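Written below as structure tokens is the structure these notes are about.
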2 protein chains.
Amino acid sequence: MMSGPARHAHTAALGGPAVPPRLGIDRILHPRSVAVFGASEDAGKFGGRIMHFLIRHRFDGDIYPINPNRASILERKAYASIADVPAAPDVAIVAVPVSRMRETVEGAAAAGVGCCVIITTGFAEADEAGLDLQAALVEVSARTGMRIVGPNCMGFIVPHHRMALCSSVVLNTDSLGDGSIGMISQSGALMVSEFDRARTAGIGLRYGVSVGNQSDLELCDFLEFMVDEPQTKAICLYIEGLLDGARFRRAAARCRQLGKPLIVLKTGRTAAGVVAAKSHTASLAGSWEVFEAICRDEGIVIARDPDDMMRTAHVLASFNGRRPGHRVGVLSSSGGGASIASDRVTEIGLELAPLTEATFDALGTMLLAPQARNPVDLGGRKVPADVEIAGTATATLFADPTVDIGVAFLMSMPFYQKRCLLIADAVRDCGKPVLIVCTPGAAADPARQALRERGFVVYEDFEQALRVLALVAEHDRMRQQPRTVPVRPADLPPPDKAGTLPGGAMGERAVKQLLAAYGVPVARETIVRTPEACADAAAAIGFPVVLKAVSPDIVHKSDAGAVRVGLADAAAVVEAARQMLATIAERQPGARVDGFSVQEQVRGEAEVIVGIRGDAQFGPVVMLGLGGIAVEILGDVALVPAPVAAADVGAMIARLRTAPLFHGARGRPPLDTDAISQAVERISWLAADFGARLVDLEVNPLIVKAAGAGVVAVDGRATLA
Amino acid sequence: MMSGPARHAHTAALGGPAVPPRLGIDRILHPRSVAVFGASEDAGKFGGRIMHFLIRHRFDGDIYPINPNRASILERKAYASIADVPAAPDVAIVAVPVSRMRETVEGAAAAGVGCCVIITTGFAEADEAGLDLQAALVEVSARTGMRIVGPNCMGFIVPHHRMALCSSVVLNTDSLGDGSIGMISQSGALMVSEFDRARTAGIGLRYGVSVGNQSDLELCDFLEFMVDEPQTKAICLYIEGLLDGARFRRAAARCRQLGKPLIVLKTGRTAAGVVAAKSHTASLAGSWEVFEAICRDEGIVIARDPDDMMRTAHVLASFNGRRPGHRVGVLSSSGGGASIASDRVTEIGLELAPLTEATFDALGTMLLAPQARNPVDLGGRKVPADVEIAGTATATLFADPTVDIGVAFLMSMPFYQKRCLLIADAVRDCGKPVLIVCTPGAAADPARQALRERGFVVYEDFEQALRVLALVAEHDRMRQQPRTVPVRPADLPPPDKAGTLPGGAMGERAVKQLLAAYGVPVARETIVRTPEACADAAAAIGFPVVLKAVSPDIVHKSDAGAVRVGLADAAAVVEAARQMLATIAERQPGARVDGFSVQEQVRGEAEVIVGIRGDAQFGPVVMLGLGGIAVEILGDVALVPAPVAAADVGAMIARLRTAPLFHGARGRPPLDTDAISQAVERISWLAADFGARLVDLEVNPLIVKAAGAGVVAVDGRATLA
């Protein structure tokens, strides 16, 4: 069952708990006592599995089974009601039917329970009645301070606390594993599937938390706890929809500050995904680009596959806050593997480590010249019978100072297991994270088993290993280029200017005045009433000029014939103004024309578009792209949350496919990227100042001259709320 | 060890075998007798493993161990020399050291051996001495008709013939499996690794052939055999470098004609891949785009990962020549899985099946409304306890007539195995290929085992299943849109025109004359000697005109100041011509100016570039793209081998990122794509006629007018060999 949006039924809607919370997150994740509603001995039932798993994994706090029909359950004294429990339990897990939920939760609150974990489905994610019922539970929470996890969740698993407050069959195992990764998921099935999959692969989790409908405690409550807990070395999030974007950003910023990797899989990236996730309305469908911009800005790694997320976290956690680096060393046991890897490494955007001369020399003593490179091809041994060389060549490659991270593709080779272990020993000794991929089938199983016993996570295919390395490298690149803290330019107008402007659509002139107030150069213009008055105005500005009609009724000036460019003398301007009146009268009858704007005709080397989009979740976002087909047809834009420092605009430009044009491709002069950066910074502060009042803004075009010659905004529009 | 290029040491270089081959491919792959040079009982040696594997897998032909020091090996009579063998063996497998190779191969030929499979390395892939030795072996082959596979190969595996002529440890298994997929690989390690991996996954191979250095028998020899063998239902190729592009294309065309899927993994797609594969020179590095164009043209599926290749072949083979369709039905056991799948299905380019109303209605009886769609989310059961619904919902979804292929993402759920098997039964009964993905770890192992016993290939992660489905859909789309057979327009000049032209660079005028001869509209022009003569020429053409200097010395006309546009009257033309002489004298002193070309100034809606590139492997290829940043900065071009039918040019345009501009985006009129198609067709015939003589040609720009108004070539250049 999907986790619903629950937007109208969580505590935040009530302004937070009305009384102090009974327990903090730490104690909720590490309870000293647990009550199990609907407890049973029957592993076919929720309450039965939960009891079995608590006991099997040796939870050493108190367990209170609640069941009115039994005196004891699995040799534990059972209680007819929560009211009968001798001491208020820290946490109660509740899987009773919807029809009995309200009385159960009221009873738990009355009995002093610290937190209810509600597994049952049929609340906000289901229908209106469920939404109402969920709101009633939230009201209990707000009134009493008893926290709620869920409903529609699968609880949580905390291996180091020997506790699985969860009914999933994946807990039917001897060991919960343990590790340093925290996972928080809006999907319960995903949480338990990945918990099991990671554990099986040798990746231990410190926490697996399913938050379900987030009616009270939400993803960020657990995220904030894990961010500040030193034993959690990396955090994975599965998100369908955030409740509080600003809170999420603060937590992510703190993660970055601590060097703690945060890896996110968020659905709703495509229209189909939005429909499926059901936690977004159609109007939020476009916000994936904004979320992506936020992640880039805060250094959050985006995964698109749950396994990728977990495995990337595992690799990054091993760095314990250090930067991993991003240059890759590749080892292959065969030429075919080296060829495949070389192409894929490049195609997936990874950078092959260049290696030092010393490493080439050392490899050259073992391998034929063409194979003594990166990727290393162990098949090119000078002495084909030399099995031991697998270890020495591996050690040599990965000891190279230009290699940060690595991958070893171990295809079929004679003495497979022996060579794999030689390679694995060298990998372990090099102290760098090197992913080991065993590509044969059953023939490699003994080697896989031996590698796992030595603590290696064995990868099965080229693609997954390369995707994980690409995400590790991305994390590193984001840490290499941290965001500059934006500093408000001293000459900006007071930030409360937004309050003085009326709502609604803003025309070209108003937008340009606003831009000018924020220090963005705009084309000079003079407003006149009559065609005849255009002549003097144009002469004062200097020919050629641009002429535009001033009208509150015309939205698309070009379509209405309300723009003329390249007017070279006084006669041409007056004649153009007269014609314009006639054309407008014909194309848009009834449109009022209040006068004419006579503007300097700005010449430049290129046109860019700078836009602002107000995002409901994350506030204003700045968009930059090259005018013309690049933005309109190819969608080649870079986004960043506002405000942005001028120093970071270069990185936006670098992400554009048209970036070469900014730097002087095709024999053209380089553009004035400094002036672009200044303009974008100032527009971003404008957006930050206006906040939610600014629905959107578009400066189109911002004409860009050659380096050193500046930029000029010549047209724009905006909408104020 | 990588497979070398062996370009100077294969029989093709000798013009094919000088005497008829002793055996055909069929008999080589299904020999009745096998001699094993260097036979041994020691499984630590090549010849020992080969003997063990022949016997273990119950090869029922004659086995002749060759070993001068033993009377018998593994209870088979051993022979001191090949000359002692009582009957000439069909195939001999040779792993003797390089130093003894020549005498061994001579001896085999003298003894009447039909084909030598040479495992030993150290030939063309190693050094000059190896190249010479390989050439000597090829000479024996050419002289005697004895075929050679290798050297530097790993032999072949033919399960249905109970024969593994191969020393890899992956054969150390009870069963070779069997199936309908033929695999031919230039990498031995890749062949055996994938053979083992596929077999372990439940995918049987009919042939696994490693061709090594391709000194005599090459990839296409085996490909041609498998194409025409009905029992081979799909063919996989691992290619580092082809020896004969035309032969490869013919085989691929026959595959398409028979509906037999051909899936190729080719390395050398990137600069790093080219270096690693070692089988291409740097000058061929750019040819990946050409290979990709050939594959699209011939309906060959391109895989980038070896597992993807094998699994795609497995799915496609099940269709036995029918088209698979490409609309996808997705089943998930949870909302998280449905969300993830929805995004990835879209991102990877797959099309979700729309489903019929009847299916929605039927699903709606079992599932809540939001989950009764595609993807189906089984978590949304109306009766949560209803386990059986897994089967009925699966059957309903995949029975839908709009669903062609499918995938089931089975994340953790209660009664996991029971539900998996209900789903699997429904999948089997629906008769469509549905990939089953089990995402938990060890908790899903019993279900995996049960599924494998029922003959299912179990996928492990979302990504691989989706990649395979994407390749299946691509195969279908290529079959849906077969290439139109190009028919030579009747009005073209005789195809031998190329012979009458001198070699070297061709300037604008010569290229335009050639284009005009092929029926491509070109801008009208008049050549005159003096500035003064330009006036009358311009008046005759009609103002405004374009003026260009005619000079054998000027390559970049714009840079030299040798182009002026928009000349509006006679005085302007004459003045421009005079200025041009001065500018050229200043910018390019000594450049001869023979006169001036006065041209009509063509106005259009867009400029496109049409180019020809002569590819050493595949002949001329046509390139099409939009002029300006699209081609030069974004590399947005479509390629197709020449000649191409006008009817297929629309598909080229559709592949461009700028395609919307051709169809009238941004309020602009649609372009004359019919005229573009005609021009591209004619230019492609020009290229086909000129063949290898045409090194390159570029028509830039071809000015395109609005639909119905035509195209005009206004500039071009070319190089003839």
Computed [θ] at 222 nm, helices only, for the protein assembly as shown once each DSSP H run of length n ≥ 4 contributes -39500 (n - 2.57): -11000 deg cm²/dmol
Find which of B:Ile527, A:Leu131, B:Ile653 sits farthest along the positive direction of the dipole of the protein assembly as shown, computed with +1 on the beta-carbon of Lys and Arg, -1 on that of Asp and Glu, about the Cα centre. A:Leu131
Under 16 Å Cα to Cα from B:Lys557, which aspartates and glutamates show up? Leave out anything in the same chain fewer than 8 places away. B:Glu508, B:Glu586, B:Asp594, B:Glu698, B:Asp715
Copy-to-copy spacing for B:Thr365, label 7 Å out on the Cα-to-C-beta vector, in nm, shortest first? 7.7
Could you list A:His314, B:His556 so that the one with the fewest beta carbons within 10 Å of its beta carbon is first and the one with the most is last? B:His556, A:His314
Size of the dipole of region B:611-721 about the Cα centre, Lys and Arg at +1 and Asp and Glu at -1 on the beta carbon, nothing else charged, in debye to 20? 240
What is the helix-to-structure angle for A:245-258, meaning the angle in degrees between its Cα long axis and the longest Cα principal axis of chain A, kept from 0 to 90 and rounded to the nearest 10? 70
Qualifying lysines (Cα of each under 22 Å from Cα of B:Lys233; at least 8 residues distant if same chain): B:Lys260, B:Lys266, B:Lys432
Taking Cα atoms only, helix B:306-317 is inclined relative to the longest principal axis of chain B by an angle, in degrees rounded to 10, of 80
Among A:Leu514, A:Leu397, A:Val345 - extreme Cα towards positive end, dipole of chain A, charges at beta-carbon: A:Leu397
How long, wide and thick is region A:11-317, going by the Cα atoms along their three principal axes, in whole angstroms, largest first? 56, 42, 34
Taking Cα atoms, how many degrees apart are the long axis of helix B:335-347 and the longest axis of chain B, rounded to 10 and kept between 0 and 90? 50
Quick one: of the DSSP bridges fully inside region A:261-408, what percent are antiparallel, nearest 5? 10
So if I restrict to the alpha-carbon atoms in region B:626-721, what is the Rg, and what is Dmax, the biggest pairwise distance, in Å? 13.5, 45
Any trypsin sites (Lys or Arg not before Pro) in region A:597-679 that lie in a DSSP loop and have at most 13 other Cβ atoms within 10 Å would be A:Arg603
Let me check the size of region A:524-600 from its C-alpha atoms; what are the radius of gyration and Dmax in Å? 11.2, 32
What Kirkwood hydrodynamic radius do you get for chain A when you take the inverse of the mean 1/r over all pairs of distinct Cα atoms, in Å? 29.4
Need one value for B:410-417: mean number of C-beta atoms belonging to other chains within 10 Å of its residues' C-beta atoms. 6
Give me the dipole magnitude in Debye, nearest 20, for region A:397-484 about the Cα centre, with unit charges on the beta carbon: positive for Lys and Arg, negative for Asp and Glu. 140
Among A:Ile25, B:Val621, A:Ala71, whose Cα sits farthest toward the positive end of the charge dipole of the protein assembly as shown (+1 at Cβ of Lys/Arg, -1 at Cβ of Asp/Glu, about the Cα centre)? A:Ala71
Taking the Cα centre of chain A as origin and charging only Cβ (+1 Lys, Arg; -1 Asp, Glu), how large is the dipole, in debye to the nearest 20? 800
Under 19 Å Cα to Cα from B:Lys497, which lysines show up? Leave out anything in the same chain fewer than 8 places away. B:Lys512
Of all beta bridges DSSP finds with both residues in chain B, what is the antiparallel percent, to the nearest 5? 50
Mean projection area, nm², convex hull over Cα of the protein assembly as shown: 59.9
Looking only at the protein assembly as shown, where both bridge partners belong to it, what percent of the DSSP beta bridges are antiparallel (to the nearest 5)? 50
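We did not get these values from a lab; they are worked out from the coordinates using the rules stated. Only a predicted model underlies this, so the values are computations on that prediction, with no experimental measurement involved. A quick note on method: Cβ atoms are made from the backbone with ideal geometry, for glycine too, and the neighbour counts reach across all protein chains shown.
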